[in-house]
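Below is one structure, written out as structure tokens; the observations come after it.
The values are calculated or read from the model by the stated rules, or taken from the named source; none is laboratory data. Keep in mind that this is a model prediction, so the values were computed, not measured. Virtual Cβ from ideal backbone geometry, glycine too; neighbours counted across all protein chains shown. Accessible surface is based on the protein model in full, side chains and every heavy atom, while ligands, DNA and RNA are left aside. Shrake-Rupley method; radii C 1.70, N 1.55, O 1.52, S 1.80 Å.
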Amino acid sequence: MSAEHNTVEPASADPARPELADPERLGRARLAAARTLLFVPGHRPDRFEKAAAAGADAVIVDLEDAVAPDGKDAARRHAADWLARGGDAVVRINAPGTAWWDADLDLVTAFGCPVMLPKAEDPEVIARIAEVCAVIPLVETAAGIERALDVCCAPGVVRAAFGSVDLATELGVRHDDTLALAYGRSRLVMACAAAGVAPPLDGVTTALDDADALAQDLQHARRLGFGGKLCIHPKQLPAVTAGFAPTDEELAWARKVLAAGDAVSAVDGVMVDRPVQERARRLLGVALTTGSAGEVA
């Protein structure tokens, strides 16, 4: 981090700012269990409080795609003000190699807040950020997909996120074409599982007023093994929260499987052995972790 770009003082320099040693306000466990992460544009500080109150599991202050080049510095100042006043947020910084990289990196390391790293491809870049911050690598390039395991195994990674729009643009396909992006999504799910981190977050659904499109995206993502989704409007949150929660039928099945005991058995005419029992335990664990504990009993 170059000193000439360091316009944000460390959190410890101002007693009114959140302490760097208190990362658990928006810590790893909370991010790993999150189903909904809501973007808010960094140049719109008037929306930060509204986003925080919207009910998302976490808010992402976006300094990258949502902000025009001439608004980057102001957006960074707005993010610093929000964090200094105790605001909880992941910050999506600008990508390595851009004109704003150094200053953005100074911001997030000063506050120790979680970081969403766009165009994530290089584990060494992730490791540099991870010295201070938890990292959600946004995998949205062909190179990132092909290096997904290395990216997810990098130190500090909580889970990955899938950048469907940018990847589709690079590939020359529609970002809502699930077949065209199936390989990229599946590879990222596999990489997170192999790295031992939480299931990845699916990319945004850009159709704000199409409930059917959102429902289809949710069904597809969950079927592939995603654990949550990036959201661009508060009205998407209820559907996404419900879409990644175990259904009543799944929970009933899980209870029945575990009630059958630890030995190999048959439930509803289907063989049940240890891997099936483990899936049942995971479903019940997700219900507990995400606040659906009442459905588990």
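Given the criterion open to solvent by less than 10 Å² (accessible area, probe 1.4 Å), among the hydrophobic types (A, V, I, L, M, F, W, C) and modelled with pLDDT under 70, identify the matching residue among Ala11, Ala75, Ala16, Ala34.
Testing whether each residue is open to solvent by less than 10 Å² (accessible area, probe 1.4 Å), among the hydrophobic types (A, V, I, L, M, F, W, C) and modelled with pLDDT under 70 leaves just Ala11.
Name the single residue that is surrounded by the most Cβ atoms within 10 Å (Cβ to Cβ) among those in the stretch 131-152 being farther than 24 Å from Gly27 by Cβ and not aliphatic (A, V, I, L, M).
Gly144
Can we say Ala213 is open to solvent by 20 Å² or more (accessible area, probe 1.4 Å), outside any loop (DSSP other than H, G, I, E, B) and either of a type in the set (A, V, I, L, M, F, W, C) or in contact with a helix residue (DSSP H, G or I) (Cβ under 8 Å, 6 or more places away or on another chain) (or both)?
yes
Could you identify the single residue in Thr98, Thr36 that is of a type in the set (S, T, N, Q) and over 16 Å from the mean Cα position of the chain (by Cα)?
One residue alone meets the criteria, Thr98.
Quick check, is Val173 without any contact (Cβ under 8 Å) to a residue 60 or more places away in the chain, out of contact with any Asp or Glu (no Cβ under 8 Å at 6 or more places or on another chain) and surrounded by fewer than 16 Cβ atoms within 10 Å (Cβ to Cβ)?
When the stated conditions are applied, Val173 passes them.
Cβ contacts < 6 Å: first residue within 14 Å of Asp65 (Cβ to Cβ), restricted to the stretch 89-111; second residue of a type in the set (S, T, N, Q) and crowded, with 21+ Cβ neighbours inside 10 Å, any location; separation 6+ or different chain. Result?
What qualifies is Trp100/Asn94; Asp104/Asn94.
Restricted to the stretch 180-219, and to residues that are of a type in the set (S, T, N, Q) and without any contact (Cβ under 8 Å) to a residue 40 or more places away in the chain, which residue is nearest to Ala143 (Cα to Cα)?
Across the stretch 180-219, the extreme among qualifying residues is Ser186.
Quick one: in the stretch 235-271, which of the residues that are of a type in the set (Asp, Glu) and either part of a helix (DSSP H, G or I) or open to solvent by less than 70 Å² (accessible area, probe 1.4 Å) (or both) is nearest to Pro199 (Cα to Cα)?
Among those that are of a type in the set (Asp, Glu) and either part of a helix (DSSP H, G or I) or open to solvent by less than 70 Å² (accessible area, probe 1.4 Å) (or both), it is Glu250.
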